[in-house]
Amino acid sequence: MENGTKKVWHFQAAANGAANGNGNGKARSKAAVATIREVRFALMDNLNKEDQRPLIELGHGDPSSFPCFRTDSAAEDAIVDAVRSGKFNSYGPSAGILPARRAIAGYLNNGLPYELSPEDVFMTLGCAHAIEVTLTTLARPGSNILLPRPGYPYYDACAANRNLEVRHYGLLSDHGWEVDLEAVESLTDHNTAAIVIVNPGNPCGNVYSYEHLKKIAETARKLGILVIADEVYGHLAFGSNPFVAMGVFGSIAPVITLGSISKRWIVPGWRLGWLVISDPNNVLRNSGVCLFKPTLLEIKTRSLF
Ligand SMILES: Cc1ncc(COP(=O)(O)O)c(C=O)c1O
């Protein structure tokens, strides 16, 4: 209270949706708190304290928290050498330095029926930043995006913050958490920009077969939408399905692959990720209305730094 009147802070009003004028504030607040951690903490709080059995946390997304998991010493040495060389202290290109983009393209080329070039690769601050850049680039007035349910809630939070409407499609629990492609078709309209798939899946742990990924690409082609493939858990696959990169089907529908070294190399704190365009037919690049030209992505990325 100041002089008997209640002080109004406008940033508070924007956060709860009263003043931003677009009615999206509630969705933003909801998306901001709806993280898997909230659920995990609620479960932990409600455990029977009398029960002495040891607890194995299967919901932990940071392998480096466990001392038995340590990245390879070659990776640590490379970082130390790079720092000591003094060659990397200046501002670099916002899409990443060429040797790193080349290395990522080379790594992701493995198993693809065509070759990625370093120009297809944009380096980001972990996969989370790749999600932010991609959704920022896609958000146009009225546009919507298809997200899986259950899914990784960061997508919902990022979409809400960019006024990008979210439409959830179901994952089929009795079919290995496959995408409900019928639901995808019924949810899509001419304002739908993309479908997000997370493979290997978080939180369900599914690994999609080659055939299912191909069907997703064919559906995306039929609907005229882009596939965003979150492969942050790529190559960390258990079970009978081997991991197949969505980029394999980039000639059916354009694919933006998001990934990072966080999980497979056990270094989430290093914040090194990527956004890679798999589009051998140049659908994105040749489209007059497309917003995904590398130069534009670079501008978008630059604006976030
Ligand atoms: C599906 C998914 N995407 C992206 C991320 C973020 O990855 P990063 O730590 O590289 O930002 C995570 C982290 O848990 C994740 O589970």
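Remarks
- Label point of E218 set 7 angstrom out along Cα-Cβ; within the range 172-197, amide nitrogens under 16 Å from it belong to 179-185.
- Antiparallel beta bridges, as assigned by DSSP with both residues in the range 73-304, represent about 40 percent of the total such bridges.
- Cβ-Cβ FRET estimate between N282 and L58, R0 fixed at 45 Å, reported to 0.05: 0.60
- Fully extended contour minus Cα-Cα distance, from D174 to E38, at 0.36 nm per residue: 46.4 nm
- Residue order, fewest to most surrounding Cβ atoms within 10 angstrom, among C127, C68, C204: C68, C204, C127
- Between the range 184-229 and the range 87-101, the Cα center-to-center distance that results, in Å: 32
- Among 259-265, 39-45, sorting by the average number of other beta carbon atoms lying within 10 angstrom of each residue, highest first, gives 259-265, 39-45.
- Close amide-amide hydrogen proximity is noted between I228 and I195, V196, I197, I256, each under 5 Å apart and 5 or more residues distant or on a separate chain (H modeled in the peptide plane; Pro and chain starts excluded).
- Residues with amide H under 5 Å from that of H168, placed H, sequence gap 5 or more: L147
- Charge context of T257, other residues only, Cβ under 10 angstrom, K/R +1, D/E -1: -3
- Ranked by the mean number of other Cβ atoms within 10 Å of their residues, highest first, the peptides 160-173, 224-237 come out as 224-237, 160-173.
- Segment V8-Y91, length gained on full extension (0.36 nm per residue, minus Cα span): 25.8 nm
- For W274, the residues whose modelled amide H falls within less than 5 Å of its own, excluding neighbours fewer than 5 places apart on the same chain, are T124, G259, S260.
- Among residues other than P63 with Cβ under 10 Å from its Cβ, the summed charge is +2 (Lys and Arg +1, Asp and Glu -1).
- Backbone N under 13 Å from the R149 label point (7 Å along Cα→Cβ), restricted to the range 168-207: 168-172, 180, 183-184, 187
Read the figures in this text as sums done on the coordinates, not as results from a lab. What you see is a predicted model; the values in this text were computed from it and never measured. Note that we place each Cβ from the backbone using ideal geometry, even for glycine, and neighbour counts take in every protein chain shown.
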